[in-house]
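Asks: This is the structure I want to talk about, given as structure tokens.
The values are calculated or read from the model by the stated rules, or taken from the named source; none is laboratory data. Worth saying up front: this structure is predicted, and the values here are computed from it rather than measured. Don't worry about glycine lacking a Cβ; one is built from the backbone with ideal geometry, like all the others, and counts go over all protein chains shown.
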Amino acid sequence: MPGLDIFETLLLEIADSIATVTLNRPAVLNALNSRVFDELEQVFHSLAGDPAIRTILVTGSGEKAFAAGADIKELSELGRDLGEEKSLRGQAVFHKIEFCPKPVIALINGFALGGGCELALACHLRIASEKARLGQPEVKLGLIPGYGGTQRLPRLVGPSAGLKLLITGEMIDASEALRIGLVDEVVPAEKLTERGRQISQAIALQAPLAVAGCLEAVRRGRDLPLAEALTLEAQLFGELCATSDKAEGTSAFLEKRPATWVGR
């Protein structure tokens, strides 16, 4: 993947159809600045279109943080117009992650606060270390989350639980995050990468178009009335019925052999 192995703020590793994107600013707890957003946009644009990649893991370097929020120095210099522009920029990058046709799994290895929590929210699944701490403390800076937190968080954990985190600015531990549904699993810190790869390998065994179809059906259907969402599901089901992978999958099942997917 030319041009993607040299970053200032990220590390990229590709192995066994799994891409691992690591935020690499450990001296500032992997805080998100403008350069991070530019590089996240670049890497996700490329990974989304690479048929060799089946899943994407996102994590932070070091043991302390996934991402401990936005770069406060950058925030301190923003006025109204630049503030709105920065919010829209962050939203656009996280939208690209949320709409990625490959499953994106956040491996939350420490603090995921502010923009870091919003990055995790934009991923499709969230696995947390027992040491993880999550929150949206923007109210303590006189702000609200600007990269989708006020919208994705209540949709994920419910309006009341989401609003409580937003207006108190409190930080919660991994067990509480699991209880309210903010993360999907909690594992020992030393098992975090291993668990992420286990899930990725399980996904890689499935038909890639079907996996992408599940992502699309859930993403597009969640904001539709049920009747319209069911129509969407039927349309996607019909499209997949016409694919080579569907023919291969059903044949392999009937012949009691592993399927060989071609992605079309």
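Asks: Quick one: which helices (runs of 4 or more DSSP H) lie wholly within region 110-193 and hold at least 1 residues that are at pLDDT 95 or above, surrounded by 19 or more Cβ atoms within 10 Å (Cβ to Cβ) and more than 15 Å from the chain's Cα centre (by Cα)?
Replies: Once the helices (runs of 4 or more DSSP H) in region 110-193 are filtered for at least 1 residues that are at pLDDT 95 or above, surrounded by 19 or more Cβ atoms within 10 Å (Cβ to Cβ) and more than 15 Å from the chain's Cα centre (by Cα), what remains is 149-157, 159-168, 174-180.
Asks: Hey, another quick one. Can you name the number of the only condition in (1) in contact (Cβ under 8 Å) with a residue 24 or more places away in the chain; (2) among the aliphatic types (A, V, I, L, M); (3) touching a Leu at 6+ places or on another chain (Cβ under 7 Å) that Val211 fails?
Replies: (3)
Asks: Need a quick list: strands (runs of 3 or more DSSP E) entirely within region 1-72 having at least 3 residues that are crowded, with 18+ Cβ neighbours inside 10 Å, modelled with pLDDT of 95 or more and out of contact with any Gly (no Cβ under 6 Å at 6 or more places or on another chain).
Replies: Answer list for region 1-72: 18-23, 55-60.
Asks: Name the residue, out of Gly90, Gly49, Gly62, that is at positive phi and out of contact with any strand residue (DSSP E or B) (no Cβ under 7 Å at 6 or more places or on another chain).
Replies: Gly62
Asks: Does Leu82 satisfy being outside any helix (DSSP H, G or I) and over 14 Å from the mean Cα position of the chain (by Cα)?
Replies: Answer is no for this residue.
Asks: Checking the condition without any contact (Cβ under 8 Å) to a residue 12 or more places away in the chain, part of a helix (DSSP H, G or I) and not assigned by TED's automatic domain parsing to the domain that holds Cys123, which residue from Gly238, Gly249 passes?
Replies: Going through Gly238, Gly249 in turn, just one is without any contact (Cβ under 8 Å) to a residue 12 or more places away in the chain, part of a helix (DSSP H, G or I) and not assigned by TED's automatic domain parsing to the domain that holds Cys123: Gly238.
Asks: Give region 102-148 a look and list any residue that's within 23 Å of Ala92 (Cβ to Cβ) and without any contact (Cβ under 8 Å) to a residue 24 or more places away in the chain, or say none.
Replies: Answer for region 102-148, where residues must be within 23 Å of Ala92 (Cβ to Cβ) and without any contact (Cβ under 8 Å) to a residue 24 or more places away in the chain: just Ile144.
Asks: Among the numbered conditions (1) farther than 30 Å from Ile53 by Cα; (2) free of Cβ contacts under 8 Å to residues at least 12 places away in the same chain, tell me where Ala161 comes up short.
Replies: Evaluating Ala161 over (1) farther than 30 Å from Ile53 by Cα; (2) free of Cβ contacts under 8 Å to residues at least 12 places away in the same chain leaves (2) as the failure.
Asks: Given the condition under 17 Å from Arg54 (Cβ atoms) and either touching a Leu at 6+ places or on another chain (Cβ under 6 Å) or assigned to a helix (DSSP H, G or I) (or both), answer yes or no: does some residue in region 219-232 qualify?
Replies: There is no residue in region 219-232 that is under 17 Å from Arg54 (Cβ atoms) and either touching a Leu at 6+ places or on another chain (Cβ under 6 Å) or assigned to a helix (DSSP H, G or I) (or both).
Asks: For region 87-109, enumerate the residues that are out of contact with any Phe, Trp or Tyr (no Cβ under 9 Å at 6 or more places or on another chain) and assigned to a helix (DSSP H, G or I).
Replies: Scanning region 87-109 gives Leu88, His95, Glu98.
Asks: Mind checking which residues of region 27-86 are touching a Pro at 6+ places or on another chain (Cβ under 8 Å) and of a type in the set (Ser, Thr, Tyr)?
Replies: Residues satisfying the conditions are Thr55, Ser61.
Asks: Are there any pairs, at least 6 apart or on different chains, whose C-beta atoms fall under 8 Å, with the first in region 77-91 and assigned by TED's automatic domain parsing to the domain that holds Asn33 and farther than 14 Å from Gly142 by Cα and the second among the aromatic types (Phe, Trp, Tyr) and assigned to a helix (DSSP H, G or I), and if so, which?
Replies: Between residues of region 77-91 that are assigned by TED's automatic domain parsing to the domain that holds Asn33 and farther than 14 Å from Gly142 by Cα and residues that are among the aromatic types (Phe, Trp, Tyr) and assigned to a helix (DSSP H, G or I), the close pairs are Arg89/Phe37; Gly90/Phe37.
Asks: While we're on this one: Against the definition (among the polar types (S, T, N, Q) and modelled with pLDDT of 95 or more), how does Thr231 come out, yes or no?
Replies: yes
Asks: Condition first: small (Gly, Ala, Ser) and surrounded by 12 or more Cβ atoms within 10 Å (Cβ to Cβ). Now tell me which residues in region 212-246 satisfy that.
Replies: Ala212, Gly213, Ala217, Gly221, Ala229, Ser244
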